[in-house]
Every structure is written in C-alpha cells, then in structure tokens.
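**Q** I am attaching a structure below and will ask some questions about it afterwards.
The values are calculated or read from the model by the stated rules, or taken from the named source; none is laboratory data. None of the values given here were measured: they were computed from a predicted structure. Because the Cβ atoms are built from the backbone with ideal geometry, glycine has one as well, and the counts that use them run over all protein chains shown. Surface areas here come from the heavy atoms of the whole protein model, side chains and all, with no ligands, DNA or RNA. Shrake-Rupley method; radii C 1.70, N 1.55, O 1.52, S 1.80 Å.
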Amino acid sequence: MGPTALEGDQPYRTAYAADLSEASVGERIRLAGWVARRRDQGGVYFFDLRDASGVVQVVIDPAEVPAARDLRAEYCISVEGPVRLRPAGMANPDLATGAVELAADQLGVLSRSEPVPFIIDDRAEADERLRLEYRYLDLRRPRMAKNLRARSLAAAAMRDTLGRRGFLEVETPTLIRSTPEGARDMLVPSRLRRGDFYALPQSPQLFKQLLMVGGVDRYYQIARCYRDEDFRSDRQLEFTQLDIEGAFWGRDGVFETLEAVVQAVVERLRGVTLEPPFPRLTYAEALLRYGTDKPDVRFGMEISDLSDAFLKTKFRAFAATLEDGGVIRGFNAGKQEMSRSQLDGLATRAKELGAKGLISAVAEEGGTLRSQTAKHLSEFETAAIIEDLKGQPGDLLLLVADTAAVAAQVLGQLRLQLGRPDRHDDLSFLWVIDFPVFDEVEGGGLAPSHHPFTAPVDLVEMRERPRTAIAKAYDLVLNGSELGSGSVRIHDPEVQQEVFDILGISADESERRFGWFIKALRYGTPPHAGFALGVDRFLAILQQETSIREVIPFPKTQTGIDPMTGSPTAVDPVQLAELGIELRAGVDADDPDREDG
Ligand code: ASP
C-alpha cells in the first residue's frame, strides 16, 4: 500500500457513517464499511459507504488515490478525509447524511468481494431463495439491518419491563421429553441411550410450571420453540416466544403485565404510546361478530345474526337452514363498486370456504334491495336486513345461510378480503377471553383448545358438558393476528388427571407421558398462570413486514429448507451407526426414488 493507504495500528474508524452531519464539516474522519452504489463522474468516483449505522457519500479522486480504481461493490474498506458540504444543489434530502460527503484522501481495502448475486439495496427486489442463500449479504441491506436492530430493542424492552417487575429470567432445556402443544415434536436421537429420543420443546410449558412448584414467583424467558408442522401460511419450524409464568397469579395479573411489555416494545420501536387496558372480547362474541377468534378490529363491517327476522320466512332456502339449526348472518361491506363478475368471484370464494352460497344485495333509496334474492323476501325481512346491517343506499350487503361455523368462517374471511387494511400503521390490540376447554376433532373426539394444562372455569361444567365448557384461556390479538396465548393452569393433580381422562388419554398412557409432571403437582403447587407472546409475528407487524422471515436473522424457506447451509442434509453413515439408526429404503437421501414426508 502506498502513502495514500491506511495502515499500521490505526483504528479502522473514528466515527460511524450516520454520525456525519453539517456539524462535522471540516473534521478529518475515518470510516469503515462497504462500498455501495458506486458511480463515476468526470473521473472522480462517488460511492455510498455503508456501515452498521447507515450510509454516507464518499468522493475519491483516483488521480490522488490510485487504489480507488480497483474498488468494486461490497469491498470492505476504511477511508479517511475531511468532511465537506455537498456542492449546492447536490444535497440528498432523502438521506440522513445527505448534506455532506467525505472527501477521502486515504483508502485501505480491508477485504475484496466477489461480484454479489443481487444488488444490496432496499429498492432492489431479489428472489427470496437467493436472499436466504446469501443471507449474510441480505442482512447488509438497511431494511434488514433495521429489523435486526428492532429485534434487539424489543428484547431489551421486554427484559427491562419484566426485570423491573421482579421477573426472573430462567433458561429451560432444549433437549427434553415431549411437551404437548398440538404439533408434532422435532426429535433428537440419543447416542448414549441408543433407541431413545429427546424432543425439542414445542414451548417451555411444563418446565415453567415446574418453576412455579419450585418457588420461582415470576418467570420469563425469550425462548426458542420447535414445532414440526406442515408449512401453512407464515410459519417456521423454530420460532421465538416471550414466555412468562407467575405463581399466585390470575388472568388480570397476566394481562396487566403483558400490556406493560407490549407498551414498552411499541414505544421503543414505534415511538407511540398505547393506552391499556386493551379491550376484551369473549371467544363466542368474536366468532359471532367477526367470524374468527382473532378479529381485526381496525375496521367495522361487523357481522350480525339476522336469523330472528326469518323465523316465519317463506324463502325456502332460509327456512330449511333455520329448521336444521343453522343461522342467517350477514355484514355490510359498504360502498363497493363491484362488477357482476367481481360479485361472482365473491360467491365462488364463499363456496371455496364451504358455504352453499352467498347472497349479495345492494341497498337502494326507498328501503329496497337490489338482489336476485329480493323477490323471495317479505317487506318485513327486507326492512330487517337493511336495518340490522345499517344499509345506506349503495351499500353492498352480504348474507350467508348455513351452520353457525360455516357462516362465521365464510363471512369472517370475506370481511377480511373486503375491508382489511394492508399496512399496520395503526395497532389494535385485543384480548380474546373465555375460549372453550376443548375443541371437537374429526371423528367426534375432543382435543385441548389451548393445551391440556389449562384450567376450566367450572369443574362441574367441564365434567358434565365438556363440549361447551369454558376455559380460563385467553389470546392476545393484534390487527387480526394471534400474538400469543395463555391460561390459568390446573394446579390440582386430580383435576389434571380428569382432563387427560376426558381427552381419552388412558391412565397408563398419561402415567407414561406425564407421570413425572403430575408427580410434581402433588408437592404443594401454587395456583399459577402465564402466557407466551410470539416475538417474530409481533416484530413483523411492528416493522410492517408481511412475512416473519423478514425479522428472523436466519430463517428457513416456506418448505423448511435453509438454502445457505443446505440443511436439512443427509448425515454420515458413521453418525447413524453410532446412534443405532438405519435408514429404510426409500427414505435414504441417496436413494434416487426417495419420497419426502
Ligand atoms: N405454552 C403456550 C404456547 O406455547 C403458552 C402458554 O400457555 O403460556 O402457546
């Protein structure tokens, strides 16, 4: 390196890019970072120098600093020179450092870069698989760097808030015996006890309950959880929860704490002050008014039950639905300029969602409805629809006659399709409470609606009417996404056993799977309650990202693959032999006819 190179024991930098402003004009500054967006003008080179803080423009004259000629995109460099004002008219108001530039007279190339596979710039859209294959380059993009910072700030806000409230951060193991959260376990074979397997935790649920038995009054952990689920929507095999639990605690305590945590995170990331307490809605009401247990309440279009108005209807389709115990529900989609084919599209969508049909009607001046169904409706019924749905002339009214479950599902989805804002500028938090203890599963059996450690509101009700019994379980919902769930737990071993009985888990099986846990409950277990908040989803919403993959440093693709490391991969036969595992024909990665699960 010649006299114009940085060398020796000098520090790599004396400032960060984002520190430079008009106040630094005239100072000699050294920066270290990457070459972004290089352009040449009249023999002088301009580039953005990007570091962890942001970017600043650097000007360098190759006549003065010949090494500048070799600079390419993403070279890692250190440059030094005076800060100066950009010439008149050349300031960039979109850039925080846009009024100034560094006139570099010294340059050190710290390491070169191969040509990069995509432009590292927020404005350039790159294919996601490629971005994940080169995640280390993707993370250099300002947007991704911002998301990483937001994640760290959020974690700090959580720790601050909970630490101040006396919560203890406790780590729980990741090689465990299965914790049932309703998904498939990820398994890890044991080498020392061949043939035995650990499960990775679907959540720290049972361990945090044991901490309560252990006298830990308030627990939290920013915990990694693993669920071997088929990839529907926006999920990951491993994800992060803020997991909390408290002894001698109940729902209101959990809500108050979570509200404080959420408020601190939102304040840190958005600079917005929320106003807890958040509204509460029962599960039953949520399903009725929004057709879902995670309502997006940023917009109206609430669903109404119109069944009562049709008790004497002559319209055969409606009468038959009501006779079969079904419902007639609808909502007002407001003034929607829809063509015939768009309306047909809605009807097709309704059928895909399981409805027998969709009735659409437009309210008209004079209290009439424009609809193919209008002729079947009495004056009273027409008036009731318009009144209940508050139809103003021109409003599109959508009705479904079906079972309560189908009507909720279909209208809930259409409501989202027609009304949901696609950005998350406003934040609407909501507690959904009073979930059922059990859900019916195919074949008529029962499965825990939350998890099997959730306390029922009323034990007698649970014994006598398990299908309709209510649990002390709750969800936190933000803008129509479930942020997390929690419950008051069962702390009586006999009640815990009863729940297993109702679930059809035999005494033998429950002893085998959960005997160790029920044993612990027998040693003076305090009443306790808790919650887990999905950190990835929460951050994605706060950062206005549509996928949680944008806020996870190293996520997997939708199909569970990491294109960067190539995982999952086959393992060395020696490793398998050590574990006592032999692959069957057809599941061997080297088998050309391999079938994936
Ligand atoms: N373990 C539960 C879950 O992961 C949360 C809780 O009940 O605290 O959803």
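**Q** For the pairs Lys472/Lys519; Lys208/Lys294; Lys294/Lys356; Lys294/Lys556; Lys294/Lys519, note any where the Cα-Cα span goes beyond 32 Å. Walk me through the numbers before you get to the answer.
**A** Working: Lys472/Lys519 23 Å; Lys208/Lys294 26 Å; Lys294/Lys356 24 Å; Lys294/Lys556 26 Å; Lys294/Lys519 36 Å.
Checking Cα-Cα distances, Lys294/Lys519 exceed 32 Å.
**Q** With the crude spin-label approximation of a point 7 Å out along Cα→Cβ, what separation in nm comes out for Gln372 versus Leu583?
**A** Those two pseudo-labels are separated by 5.4 nm.
**Q** Are there chymotrypsin sites (Phe, Trp or Tyr not before Pro) in region 212-275 that DSSP marks as loop and that have at most 12 other Cβ atoms within 10 Å, and which are they? Don't skip to the end; give the middle numbers.
**A** Values: sites: Tyr219, Tyr220, Tyr226, Phe231, Phe239, Phe248, Trp249, Phe255; in loops: Phe231, Phe248, Trp249.
Those satisfying the criteria are Phe248.
**Q** Moving to a separate point now. Say each of Arg193 and Ala18 gets a label point 7 Å from the Cα, pointing the same way as Cα to Cβ; how far apart are those two points in nm?
**A** 4.9
**Q** Okay, moving on. Helix 493-502: angle to the longest alpha-carbon principal axis of the chain, degrees 0 to 90, nearest 10?
**A** With rounding to tens, the tilt is 70 degrees.
**Q** Given C-alpha coordinates of region 192-345, what is the ratio Rg to Rh with the Kirkwood estimate of Rh? Show your work: numbers first, answer last.
**A** Numbers: Rg = 23.5 Å, Rh = 21.1 Å.
Across region 192-345, the Cα-based Rg/Rh ratio is 1.11.
**Q** I've got another one for you. Taking loop as defined by DSSP and a crowding limit of 16 other beta carbons within 10 Å, which trypsin sites (Lys or Arg not before Pro) in region 45-75 fit? All intermediate terms of the calculation are to be shown ahead of the outcome.
**A** On the way: sites: Arg50, Arg69, Arg72; in loops: Arg72.
Those satisfying the criteria are Arg72.
**Q** What do you get for trypsin sites (Lys or Arg not before Pro) in region 228-327 restricted to DSSP loop and a cutoff of at most 10 other Cβ within 10 Å of the site's Cβ? Mind showing how you got there, number by number?
**A** Values: sites: Arg232, Arg235, Arg251, Arg268, Arg270, Arg280, Arg289, Arg298, Lys312, Lys314, Arg316; in loops: Arg232, Arg235, Arg298, Lys312, Lys314.
Sparse-neighbourhood loop trypsin sites (Lys or Arg not before Pro): Arg232, Lys312.
**Q** In addition: With the dipole of region 120-175 worked out from charges on the C-beta (+1 for Lys and Arg, -1 for Asp and Glu) around the Cα centre, which of Leu153, Val170, Leu130 lies farthest toward the positive end?
**A** Farthest towards the positive end: Leu153.
**Q** Another question, then. Measuring from centroid to centroid over Cα atoms, what is the spacing of region 93-126 and region 158-198 in Å?
**A** 42
**Q** Let me ask something additional. For Asp122 and Arg349, what does the FRET efficiency come to when R0 = 30 Å and r is the distance between their Cβ atoms, rounded to the nearest 0.05?
**A** Working: r = 34 Å, r/R0 = 1.13.
Efficiency computed from Cβ-Cβ geometry: 0.30.
**Q** To continue, here is another question. Taking the Cβ-Cβ separation of Arg86 and Arg164 as r and a Förster radius of 51 Å, what is the calculated FRET efficiency to the nearest 0.05?
**A** Working: r = 45 Å, r/R0 = 0.89.
So, using R0 = 51 Å, E works out to roughly 0.65.
**Q** Where a ≥ b ≥ c are the square roots of the eigenvalues of the C-alpha gyration tensor, would you call region 476-597 rounded, which needs a/c under 1.5, or, failing that, prolate if a/b is larger than b/c, or oblate?
**A** Numbers: a/c = 2.80, a/b = 1.24, b/c = 2.27.
Cα axes put region 476-597 in the oblate bin.
**Q** Compute the accessible area per residue over the chain, keeping the other protein chains in place, probe 1.4 Å, unit Å². Show your work: numbers first, answer last.
**A** Values: 29890 Å² over 597 residues.
Per residue, the chain has an accessible area of 50 Å².
**Q** Taking Cα centroids, how far is region 409-452 from region 301-315 in Å?
**A** Result: 23 Å between the Cα centres.
**Q** Please state the Cα pair-distance histogram of the chain with 10 angstrom bins from zero: what percent is in each bin?
**A** In whole percents, the pair-distance histogram is 3, 13, 18, 19, 19, 14, 9, 4, 1, 0.
**Q** At R0 = 30 Å, how high is the FRET efficiency between Ala404 and Glu464 if r is their beta carbon distance? Nearest 0.05 is fine.
**A** Numbers: r = 22 Å, r/R0 = 0.74.
Computed FRET efficiency for Ala404 and Glu464 comes out at 0.85.
**Q** Where Lys and Arg each count +1 and Asp and Glu each count -1, what net charge lies around Glu171 among other residues with Cβ under 15 Å from its Cβ?
**A** Numbers: positive: Arg159, Lys208, Arg224; negative: Glu169, Asp243, Glu245.
Every neighbour counted, the sum reads 0.
**Q** Could you sort the peptides 28-40, 419-431 by per-residue average Cβ neighbour count (10 Å cutoff), highest mean leading?
**A** Working: 28-40: 18.5, 419-431: 14.5.
Most protected by this proxy first, the peptides run 28-40, 419-431.
**Q** Right, here's the next one. Taking the 0 to 90 degree range and rounding to the nearest ten, how far is the long axis of helix 379-388 tilted relative to the main principal axis of the chain, both from C-alpha atoms?
**A** Computed tilt is about 40 degrees.
**Q** Could you let me know the centre-to-centre spacing of region 516-540 and region 253-276, using Cα atoms, in angstrom?
**A** 21
**Q** Still on this model: Across the chain, where is the longest run that never hits GluC sites (Glu not before Pro) in a DSSP loop with at most 15 other C-beta atoms within 10 Å? Each step should come with its number before you reach the end.
**A** On the way: sites that count: Glu7, Glu27, Glu64, Glu125, Glu171, Glu229, Glu337, Glu365, Glu442, Glu582, Glu595.
It runs 443-581.
**Q** Got the relative contact order for the chain handy, in percent, Cα pairs under 8 Å and 6 or more residues apart? Walk me through the numbers before you get to the answer.
**A** Numbers: 1125 pairs, mean separation 74.1, N = 597.
So the answer I get is 12 percent.
**Q** When only C-alpha pairs under 8 Å and at least 6 residues apart count, what is the relative contact order of region 397-512, in percent? Mind showing how you got there, number by number?
**A** On the way: 155 pairs, mean separation 25.5, N = 116.
Relative CO of region 397-512 lands at 22 percent.
**Q** Determine the sum of side-chain charges near Ala469: Lys and Arg each +1, Asp and Glu each -1, restricted to other residues whose C-beta is under 15 angstrom from that of Ala469.
**A** Working: positive: Arg463, Arg465, Arg467, Lys472; negative: Asp434, Asp439, Glu440, Asp458, Glu461, Glu464, Glu498, Asp501.
With Lys, Arg at +1 and Asp, Glu at -1, the net is -4.
**Q** With both partners inside the chain, how many of the DSSP beta bridges are antiparallel, as a percent to the nearest 5? Let's see the in-between values first.
**A** Working: 86 of 95 bridges.
Around 90 percent of the beta bridges assigned by DSSP in the chain are antiparallel ones.
**Q** Tell me the net charge near Ile303. Cut-off is 12 Å between Cβ atoms, Ile303 excluded, with +1 for each Lys or Arg and -1 for each Asp or Glu. Mind dumping the intermediate values first?
**A** Working: positive: Arg289, Arg329, Arg415; negative: Glu285, Glu302, Asp305, Asp388.
So the surrounding residues net to -1.
**Q** Which residue, Ala73, Ile505, Thr240, has the largest displacement toward the positive end of the dipole of the chain when charges sit on each Cβ (Lys, Arg +1; Asp, Glu -1)?
**A** Ala73
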